[in-house]
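> Quick one: structure below, then a few questions.
The values are calculated or read from the model by the stated rules, or taken from the named source; none is laboratory data. All values reported here derive from a predicted model rather than from experimental measurement. With ideal geometry, Cβ positions are generated from the backbone for all residues, glycine too; neighbour counts draw on all protein chains shown.
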């Protein structure tokens, strides 16, 4: 249980972000009222609306303020067709990831109800693993450029950067998680048969780190093969570790296995520091303002945040309530139900209240 009040920065963002974050925050507030959780919230309006209004994306001094004054950040989604360059989204989201050095992108891939997976004859026992995606380097570092842009002989370069320190710390984090959570294996995904230099670094560091964890099975798969095996035999995975680009792709595939992006939670983490938690689904502009978006990913993200802050009991309470709502068919249309965003959040909170009063 959280013994001292934790300060949470809430950034709803764009599109469906404000709608789903509202349900997550209300769920956390309920736990504060009934479950002994101690949280203090402060909301920030960093979004496309703010950017279009006065040009502000991530304000000066924001990173220092977040790092010094808050224990965690709960964000919605960023991206708006009115900002064609998506500059505000890059400034805010990638700015926080890089500026706060949140090198772990942790994405659970867990099936909460058998009916949600598109895989035939697979159950909740088969789909339960986590992906450790390196979050600050790789192909998303922004290195590259154009030569003779706009001409017939245009050349575009996009560079991938991998540092020894960056590769090692994400691999160590994956093995530490496996040991702490009694997971039996860590599988590293790369494309070292083609990407010989970055792949060679990942291969060497993975073998060196694995040697320190003799109690954990160390496995390797090429990323294209892993995409195949995640469909054919997802039960083989406990913990996956990979680079930024491959992690992005694999986790979206994983989200499909667990019921879609509306079910997918994530954390951007630097252990011991202010970390950022956000649902995976993006801003989904066509759904915005209609009260039809699935809030479960955001609510499960809030459960991840509670776990990170040290309240595993409250985190499990949220997960149990989500599981019950799914069993009862209390879902939005993407999961086959007919409820609104607010109604799904309300059903989950009703269940939390029932369990808290037992």
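> Against the definition (surrounded by 16 or more Cβ atoms within 10 Å (Cβ to Cβ) and either farther than 25 Å from residue 173 by Cβ or in contact with a strand residue (DSSP E or B) (Cβ under 6 Å, 6 or more places away or on another chain) (or both)), how does residue 340 come out, yes or no? Steps first, answer last, please.
Numbers: surrounded by 16 or more Cβ atoms within 10 Å (Cβ to Cβ): yes; either farther than 25 Å from residue 173 by Cβ or in contact with a strand residue (DSSP E or B) (Cβ under 6 Å, 6 or more places away or on another chain) (or both): yes.
Yes; evaluated as a whole, the condition is true for this residue.
> Condition test on residue 192, is it over 25 Å from the mean Cα position of the chain (by Cα) and buried (at least 17 other Cβ atoms within 10 Å of the Cβ)?
Details: over 25 Å from the mean Cα position of the chain (by Cα): yes; buried (at least 17 other Cβ atoms within 10 Å of the Cβ): yes.
It is true that residue 192 is over 25 Å from the mean Cα position of the chain (by Cα) and buried (at least 17 other Cβ atoms within 10 Å of the Cβ).
> Name the residue, out of 218, 225, 211, that is free of Cβ contacts under 8 Å to residues at least 60 places away in the same chain, exposed (fewer than 13 other Cβ atoms within 10 Å of the Cβ) and closer than 22 Å to residue 182 by Cβ.
Working: 218 fails: exposed (fewer than 13 other Cβ atoms within 10 Å of the Cβ); 225 fails: closer than 22 Å to residue 182 by Cβ.
On inspection, the qualifying residue turns out to be 211.
> Quick test for you: out of 223, 194, pick the one residue that is in the same structural domain as residue 254 (by TED's automatic domain parsing) and within 16 Å of residue 250 (Cβ to Cβ).
Just a single option satisfies the conditions, and that option is 223.
> Looking at the structure I just gave you, is residue 215 over 16 Å from residue 131 (Cβ atoms), assigned to a helix (DSSP H, G or I) and at pLDDT 95 or above? Write out each step before concluding.
Details: over 16 Å from residue 131 (Cβ atoms): yes; assigned to a helix (DSSP H, G or I): no; at pLDDT 95 or above: yes.
So residue 215 fails the test.
> Does residue 145 satisfy the condition of being under 29 Å from residue 231 (Cα atoms), in contact with a strand residue (DSSP E or B) (Cβ under 8 Å, 6 or more places away or on another chain) and in the same structural domain as residue 195 (by TED's automatic domain parsing)? Write out each step before concluding.
On the way: under 29 Å from residue 231 (Cα atoms): no; in contact with a strand residue (DSSP E or B) (Cβ under 8 Å, 6 or more places away or on another chain): yes; in the same structural domain as residue 195 (by TED's automatic domain parsing): yes.
So residue 145 does not fit the description; no.
> Could you check residue 101 against (1) over 22 Å from residue 199 (Cα atoms); (2) touching a helix residue (DSSP H, G or I) at 6+ places or on another chain (Cβ under 7 Å); (3) assigned to a loop (DSSP other than H, G, I, E, B) and say which number it fails?
In the conditions (1) over 22 Å from residue 199 (Cα atoms); (2) touching a helix residue (DSSP H, G or I) at 6+ places or on another chain (Cβ under 7 Å); (3) assigned to a loop (DSSP other than H, G, I, E, B), residue 101 misses (2) alone.
> Considering (1) touching a strand residue (DSSP E or B) at 6+ places or on another chain (Cβ under 6 Å); (2) not assigned by TED's automatic domain parsing to the domain that holds residue 255, say which one residue 82 fails and leave the rest.
(1)
> Something else now. Among 125, 152, which is more than 24 Å from residue 217 (Cβ to Cβ) and assigned to a loop (DSSP other than H, G, I, E, B)? Don't jump to the end; show me each part of the working.
On the way: 125 fails: more than 24 Å from residue 217 (Cβ to Cβ).
Only one candidate qualifies: 152.
> Next up: Across the range 5-47, what is the total count of residues that are more than 19 Å from the chain's Cα centre (by Cα) and in a strand (DSSP E or B)?
Adding up the residues that qualify gives 7.
> Of all residues being closer than 12 Å to residue 132 by Cα and within 14 Å of the chain's Cα centre (by Cα) in the range 246-269, which is surrounded by the fewest Cβ atoms within 10 Å (Cβ to Cβ)? Just the residue, please. Walk me through it before giving the result.
Initially, the range 246-269 is screened for residues closer than 12 Å to residue 132 by Cα, giving 246-248, 250-251, 266-269.
Filter once more, so that each one left must be within 14 Å of the chain's Cα centre (by Cα): 247-248, 250-251, 266-269.
Working: 247: 25, 248: 19, 250: 22, 251: 24, 266: 24, 267: 21, 268: 22, 269: 23.
Out of the qualifying residues, it is 248.
> Tell me which residues, restricted to the range 288-306, are more than 19 Å from residue 116 (Cβ to Cβ) and either surrounded by fewer than 18 Cβ atoms within 10 Å (Cβ to Cβ) or more than 19 Å from the chain's Cα centre (by Cα) (or both). Quick ask: steps written out before the conclusion?
As a first pass, look at the range 288-306 and keep what is more than 19 Å from residue 116 (Cβ to Cβ): 288-291, 302, 305-306.
Within the range 288-306, 288, 289, 290, 291 meet the criteria.
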